[in-house]
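Beneath this line is the structure, given in structure tokens, with notes to follow.
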Amino acid sequence: VTEHKLPRAYVAFLDEIFKGSSAILNTNLRIMNERIFNNVDDNPKVPLISMFGASNEVPAGDELSALWDRLHFRHKVSALRESSNFVKMLSTPIPENPTPVVSLEDIAAANVLVQQVRVTDDVFEALRDLRSDLMKASIEPSERRWVDAVAIIRAEAFFNGRDVADTEDTRPLMHVLWNREDDMREVRKQVL
């Protein structure tokens, strides 16, 4: 049964993303990489546009590194500190059927425009220098992450209303290029 499940989702949220069995983790990897889910007499194409995951811990073992590497943005979320935010969280009702703020057609159209954003040699040189600086700090994101970084830079330029990316559009990479929590601060420093 795939209706209303991940193989038919355009946007997905996976809670405790690293807790699945190896079969589930491999299925998630295939869906993320190839957008394919094989099921008898069923369309294997997965329409997934974006996947979000949450976990109470950053994966430490090699068996989860492939999945971890494919999660583009990484954010560590701390517990609420201010009492007013705590009260707001408790008192704000969660809508049962929230109104979409963007359509699937809008996303597809934006994606076409993002692909047309030009990345200049200055940006590629900045990425080369950033990679070198991170390597000196023993932080080595995978080649996959660097390729993904270029797409993220294009998207950042698009969100800022430009069709040519510049070095300021590398700022989101502070949430992309770290693997270990201990590296977050150094990556942020080097990117900024």
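The values are calculated or read from the model by the stated rules, or taken from the named source; none is laboratory data. As the structure is a prediction and not an experimental result, all values here were calculated from the model. Cβ coordinates were reconstructed from backbone atoms using ideal geometry, including for glycine residues, and neighbour counts include every protein chain displayed. Side chains are part of the model used for accessible areas, which takes the heavy atoms of the whole protein and leaves out ligands, DNA and RNA. Shrake-Rupley method; radii C 1.70, N 1.55, O 1.52, S 1.80 Å.
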Only Lys, Arg (+1) and Asp, Glu (-1) charged, at Cβ; segment 51-132 dipole about Cα centre in debye: 260
Efficiency of FRET from Cβ geometry, L192 and N38, R₀ 30 Å, rounded to 0.05: 0.10
The chain, dipole about Cα centre (Lys/Arg Cβ +1, Asp/Glu Cβ -1), debye to the nearest 20: 220
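When ranked by the protection proxy of mean other Cβ atoms within 10 Å per residue, highest first, what sequence do the peptides 30-37, 177-184 form? Please list the in-between numbers first.
Working: 30-37: 14.6, 177-184: 17.0.
Ranked by mean Cβ neighbours within 10 Å, highest first: 177-184, 30-37.
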Selection from V117, L29, A60, by position along the positive dipole direction of segment 8-157 (Cβ): A60
Segment 32-177, accessible surface, carbon-and-sulfur percent (1.4 angstrom probe): 53
Residues whose placed amide H lies under 5 Å from that of M51, excluding near-sequence neighbours: A12
Choice from A110, A126, A23 showing the highest fluctuation, given a GNM over the chain with Cα pairs closer than 10 Å: A23
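At 222 nm, what helix-only mean residue ellipticity would the chain give, in deg cm²/dmol to the nearest 500, using -39500 (n - 2.57) for each DSSP H run of four or more? Numbers along the way, then the final one.
Details: 7 runs with 80 residues, N = 192.
Theoretical 222 nm ellipticity from helices: -13000 deg cm²/dmol.
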DSSP beta bridge pairing in the chain, given as percent antiparallel to the nearest 5: 10
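What percent does the relative contact order of the chain come to when contacts are Cα pairs within less than 8 Å and at least six residues apart? Mind showing how you got there, number by number?
Values: 176 pairs, mean separation 34.7, N = 192.
Relative CO of the chain lands at 18 percent.
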A165 long-range amide H proximity, modeled H, under 5 Å: R118, V119, T120
Calculated semi-axes √(5λ) of the Cα gyration tensor in Å (choose from (1) 46, 22, 16; (2) 31, 20, 12; (3) 28, 23, 21), label: (3)
Length released on extending from R171 to D15, taking residue separation times 0.36 nm less the Cα-Cα span: 53.5 nm
For E143, net neighbour charge (Lys/Arg +1, Asp/Glu -1) across residues whose Cβ lies under 14 Å away: +2
Relative packing of 111-122, 3-14, which averages over residues the other C-beta atoms within 10 Å, highest first: 3-14, 111-122
Förster radius 41 Å - calculated FRET efficiency between R128 and E57 (Cβ-Cβ, nearest 0.05): 0.80
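Multiplying the sequence separation of F73 and S103 by 0.36 nm and subtracting their Cα-Cα distance, what value in nm do you get? Please list the in-between numbers first.
Details: separation 30, 0.36 × 30 = 10.80 nm, distance 2.21 nm.
Working it through step by step, the gained length comes to 8.6 nm.
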Accessible solvent surface per residue of the chain, calculated while the other protein chains remain in place, 1.4 angstrom probe, Å²: 69
